[in-house]
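K.L.:
Here's a structure for you.
Since every read-out is calculated from the coordinates, none of them should be taken as a lab result. This one's a predicted model, so the numbers in the text were calculated from it and none came from an experiment. Methodologically, a virtual Cβ is constructed for each residue, glycine included, from the backbone with ideal geometry; neighbour enumeration extends over all protein chains shown.
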Amino acid sequence: MRSLSADTISTMKSPTKKPIARVVNRVERAVGRRDLVLARKSIRDSVVSLAGLLGCPVRNEDGREIGRLVDVVVRHGQDAYPPVSGLIVKVGLRKSFIDGARIAKLGRNEIQLSSTTINLTDYKRRSDESLLDADVLDHQIVDVNGLRVVRSSDLYLAPLDKEIRVVGVDISFVTFLRRIFPGALGRRATPQHVLDWATVASLADTSGVVKTSGSKTALSQLRPADLADLIEDLAGREQNALIEMLDPELAADALEEMEDEELQGLLRGLSEGRAAELLSRMEPDESAEVLRDLDDEHREDILKAMDSKMAKQLRQLIAFDETLAGGIMTSHMVFAQENETVNQALVRLVENRDRDVSDGVIMVDSKGKLMDHIAIIELVAAKPTALLSTLMGPPYPTAVNIDSPLEEVIEEFSNNRGASIVVIDEKGKPVGRILADDLVDALKPEEQHGLSKGTGALS
């Protein structure tokens, strides 16, 4: 479902998906380089390896060993660097929770607490907490500045703002190898390739994500195509977690850019309600294309979870054969009448700016029949108070019937050379538009539509 330019129609070639590592553009940093804590020498000198701490003794104020460290609990939210909220410690055969406020000193091979008497309780995970070893270490994370998916080989903790916090993640293979060696070598922090925690999004915990305000802001700045690459490069659980982290509109835009097979797999991992929400925000023709490829039961479950009006619209699109105009059109249009002003039309376009209707307004008469199409560039150049009737006139828009075959649509595009053509029903009322990209998408899977290779004709 890659979006292609009109210039590619003549080639009829599918775009080649670039490996994620080759994406070269960079998102503007949400946190300035000077504000990243790993840029501070004092922090770099004090970092402690999580992998090195696991299994190390936890001692009380007198130095007596209470137990061995099993995991570290962090609280996530708006903090760019999640604070440690507690420790999971194995005491005999029991795993107990110790409040993070009791930590007096975090050493490279032991943890010392601030009192001699420690209250040991059973750990109950809260919705805003994650376990660093169980949920983050050795899991996939998103480097939002490098636009890549990486695996965390180690995590680094350091004192910051009067709390112990996660400040960095090591993604090097050398660090992974270091961890398999016992003794001091395995506990020594040797950050080879460390990312500042404010620039990553960790996606593995039971509630969804280890959220930071910086990573969410950075993700929101990415192009949908780049987000699609990131989503496709993630495994199932992390993939769904990233989707949950995104604004629904941005998530829907990213889904439109995904490869068909990848998108099908993603939808199978989402609840019907979440899938319905995302598909409702996509372009109708894109949603219909996705739903067509689902099995009947899954498709029906998703449609039932949608708003009834949207579900009805999509059912109508799905019912059309993909080799006909109705099967590849989008039903999103902005309508206007000749007695309205330019300003009214522009306001309507702005109200629909989240939809792909930016090429202009469809002019209809009092009965809803197609009269004209006024391009947005004409609207912007005209006086806001001018009536739309003064802008109407030849050349009039190209239109095809809803049941026109693809050969006819291709021919009309060739004659028209515009960005879109209007689809009308038997009464002459506009029911949709076909964009150049939609036509290319329809022609890409040649084996699905019976296209003869090297021709553009249907066999």
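K.L.:
Using θ = phi - 60° and the Karplus relation 6.51 cos²θ - 1.76 cosθ + 1.60, list the HN-Hα couplings for segment 141-148 in order, rounded to whole Hz, with x at every Gly or Pro.
P.N.:
9, 9, 7, 6, 8, x, 6, 8
K.L.:
7 Å from Cα along Cα→Cβ at both residue 116 and residue 223: what's the point-to-point distance in nm?
P.N.:
About 6.6 nm, to one decimal.
K.L.:
Right, something else. Rounded to the nearest 20 Debye, what is the dipole magnitude of segment 29-149 about its Cα centre when Lys and Arg each give +1 and Asp and Glu each give -1 at the C-beta?
P.N.:
Here the size comes out at about 260 debye.
K.L.:
Quote the FRET efficiency, to the nearest 0.05, computed for residue 56 versus residue 127 with a Förster distance R0 of 30 Å and r equal to the Cβ-Cβ distance.
P.N.:
Efficiency, from the Cβ-Cβ distance: 0.55.
K.L.:
So for segment 328-449, taking the charge dipole from beta-carbon charges (+1 Lys/Arg, -1 Asp/Glu), which of 416, 380, 428 sits furthest toward the positive end?
P.N.:
380
K.L.:
Under 5 Å between amide H atoms, partner at least 5 residues away or on a different chain: which partners does residue 431 have, H built in plane at 1.01 Å?
P.N.:
423, 424, 425
K.L.:
Oh, and also: So how do 312-322, 393-403 stack up, highest first, on mean other-Cβ count within 10 Å?
P.N.:
Most protected by this proxy first, the peptides run 312-322, 393-403.
K.L.:
With a sphere of radius 10 Å drawn around the Cβ of residue 434, what net charge do the other residues whose Cβ falls strictly inside it have (Lys, Arg +1; Asp, Glu -1)?
P.N.:
Residues close to residue 434 contribute a combined charge of -3.
K.L.:
Under the rule of at least 5 residues apart or a separate chain, name every residue whose amide H is placed under 5 Å from the amide H of residue 335.
P.N.:
Close amide H contacts, sequence-distant or interchain: 362.
K.L.:
Now, a different point. What's the ranking of 288-299, 231-242, 163-174 by average number of surrounding C-beta atoms within 10 Å, highest first?
P.N.:
163-174, 231-242, 288-299
K.L.:
What distance in nm separates the two pseudo spin-label positions at residue 396 and residue 383, each 7 Å out from Cα along the beta-carbon direction?
P.N.:
2.8
K.L.:
I'd like the Karplus ³J(HN,Hα) series for segment 424-434: coefficients 6.51, -1.76, 1.60, θ = phi - 60°, whole numbers in Hz, and an x wherever there's a Gly or Pro.
P.N.:
Along segment 424-434, the couplings run 10, 8, 5, 9, x, 8, x, 10, x, 9, 10 Hz.
K.L.:
Among 306, 270, 242, whose Cα sits farthest toward the positive end of the charge dipole of segment 237-319 (+1 at Cβ of Lys/Arg, -1 at Cβ of Asp/Glu, about the Cα centre)?
P.N.:
Of the options given, the answer is 306.
K.L.:
Rounding to the nearest 20 debye, state how big the charge dipole of segment 221-302 is about its Cα centre with +1 on each Lys and Arg Cβ and -1 on each Asp and Glu Cβ. If you can, show how the numbers build up before the last one.
P.N.:
Working: 7 positive and 27 negative charges, 69 e Å.
About 340 debye.
K.L.:
Further question on the same structure: Starting from the amide H of residue 66, placed 1.01 Å from N in the peptide plane, find each other amide H under 5 Å away whose residue is 5 or more places distant or on another chain.
P.N.:
58, 59, 60
K.L.:
Please figure out what share of the DSSP beta bridges in segment 328-449 is antiparallel and state it in percent, rounded to the nearest 5.
P.N.:
70
K.L.:
Karplus couplings for segment 332-341 from phi (6.51 cos²θ - 1.76 cosθ + 1.60, θ = phi - 60°), rounded to Hz, Gly and Pro as x?
P.N.:
Calculated HN-Hα couplings, in order: 7, 8, 10, 9, 8, 10, 5, 8, 8, 8 Hz.
K.L.:
I would also like to ask the following. Would you mind computing, in nm to one decimal, how far apart the modelled labels at residue 271 and residue 249 are, each placed 7 Å from Cα along Cα→Cβ?
P.N.:
2.4
K.L.:
Could you rank the peptides 147-154, 366-373 by their average count of other C-beta atoms within 10 Å per residue, with the highest value first?
P.N.:
147-154, 366-373
K.L.:
Taking the Cβ of residue 91 as the centre, find all other residues whose Cβ is under 13 Å away and add up their charges (Lys, Arg: +1; Asp, Glu: -1).
P.N.:
+4
K.L.:
Given a Förster distance of 30 Å, report the FRET efficiency between residue 427 and residue 295 from their Cβ-Cβ distance, rounded to the nearest 0.05.
P.N.:
0.30
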